[in-house]
Amino acid sequence: MDASDLLRSGLLHLSDSSMVRSTIEKAPVSRSVVQRYVPGTDVAHAVAATAELRATNRQVTIDYLGEDTLDAGQAAHTVDTYVGLLRALKAANLSQFGAAEVSVKLSAVGQALPRDGEKIALDNARRICEIAQEADTTVTLDMEDHTTTDSTLSILAELRKDFPTTGAVLQSYLHRTESDCRDLATSGSRVRLCKGAYKEPASVAYQDAEDVDLSYVRCLKILMAGDGYPMVASHDPRLIDIARALASRQGREPDSYEFQMLYGIRPEEQTRIADRGHQMRVYIPFGEEWYGYLMRRMAERPANLQFFLRSLLSKN
Ligand SMILES: Cc1cc2nc3c(=O)[nH]c(=O)nc-3n(C[C@H](O)[C@H](O)[C@H](O)COP(=O)(O)OP(=O)(O)OC[C@H]3O[C@@H](n4cnc5c(N)ncnc54)[C@H](O)[C@@H]3O)c2cc1C
């Protein structure tokens, strides 16, 4: 394990610490720093950020932050928030043709509930898909830690019977993902490929960054050669170049795949990609539960952490 691996696992650990969490949440400057990655806590903030990104020809997918709920009431609140969000996007003419879609974590809508969690999550996700369809857009199911992969893919298969555009996410750090890519590279199937953001054991996931990248390229080859709609979710310039080259080798038109990046990360590159005629979609997280999301971003890139700590120290 090198220094950056240690930092990464330390930060992922901190994301679980309630003491550190409350200290950071209470720091007066936190809000303004967090806004770089999370535009706000309310639906109105998410809609405003969407309008801004649409003005520069970027598409969006919006995530209402929160995960692992063990409270059915909280799961219902999450569904209501997505319903309100989708209706607000429709009213603002932002969602048509899937220009603004939503990303949903199944653990936020009940998957982790001890009794009937999978069924509750399916019913809740179905409700969000219905409202998304009314708004002329769709849903992508975020992928969480490896213990949920099978359950998430089986809920996806159910949803796709009625809502075939529902998107999946696959993580190249998992050993199983090449095989999942083969299964999902079918006509009309929207698949977001990312590296993966959770701390996973060596029994299921590559531990070395280079192995994760090599797996990403193998998965990209399968998705680009298949009949589905690949969504290349990465900030990694090398992987973006490889994706573009593979798409062109397969004779893909620019509207048959897309690039995706996170809100606030490499924004100039996002507009550059969009300006070159590629489809670029930005993942916008919003809500009160920004802490875990932020810690995962810090764990990925020490430069982000330096920026965050400098801001905390300089303004306190
Ligand atoms: C749209 C989207 C959706 C996602 N959904 C999920 C999901 O459902 N489940 C999940 O587990 N994970 C998800 N992720 C997170 C993902 O798994 C990775 O953790 C995250 O994207 C970091 O990986 P990376 O490919 O960007 O490369 P990294 O290995 O983090 O970075 C590679 C290179 O990218 C460049 N780079 C990265 N960050 C910056 C920066 N801030 N500024 C400048 N250059 C930078 C640098 O050159 C860096 O060396 C998602 C990511 C995106 C973009």
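For the reader, a short list of remarks on this structure follows.
- Leading residue by the ranking (farthest from L223 (Cα to Cα)) among those in region 241-269 that are among the hydrophobic types (A, V, I, L, M, F, W, C) and within 18 Å of the chain's Cα centre (by Cα): I265
- Subset of region 231-282 (residues that are more than 16 Å from the ligand (Cβ to nearest atom), touching a residue at least 24 places away in the same chain (Cβ under 8 Å) and either outside the structural domain of C181 (by the TED database) or among the hydroxyl-bearing types (S, T, Y) (or both)): S256
- Hits in region 153-190 - residues which are surrounded by 15 or more Cβ atoms within 10 Å (Cβ to Cβ), polar (S, T, N, Q) and in a loop (DSSP other than H, G, I, E, B): T165, T166, S172, S189
- Which numbered condition R115 misses (of (1) assigned to a loop (DSSP other than H, G, I, E, B); (2) modelled with pLDDT of 95 or more; (3) not polar (S, T, N, Q)): (2)
- In summary, A135 fulfils each of the numbered conditions (1) more than 16 Å from the ligand (Cβ to nearest atom); (2) surrounded by fewer than 21 Cβ atoms within 10 Å (Cβ to Cβ); (3) over 19 Å from the mean Cα position of the chain (by Cα) with the single exception of condition (2).
- Qualifying residues in region 192-227 (those that are small (G, A, S) and surrounded by fewer than 21 Cβ atoms within 10 Å (Cβ to Cβ)) - the one nearest to the ligand (Cβ to nearest atom): A197
- Residue that is nearest to R296 (Cα to Cα), among those in region 108-132 that are β-branched (V, I, T) and either touching a Leu at 6+ places or on another chain (Cβ under 6 Å) or away from the ligand (no atom under 16 Å from the Cβ) (or both): I120
The values are calculated or read from the model by the stated rules, or taken from the named source; none is laboratory data. Please read all numbers here as calculations on a predicted model, not as lab measurements. Here Cβ is always computed from backbone atoms with ideal geometry, including for glycine, and neighbour counts include all displayed protein chains.
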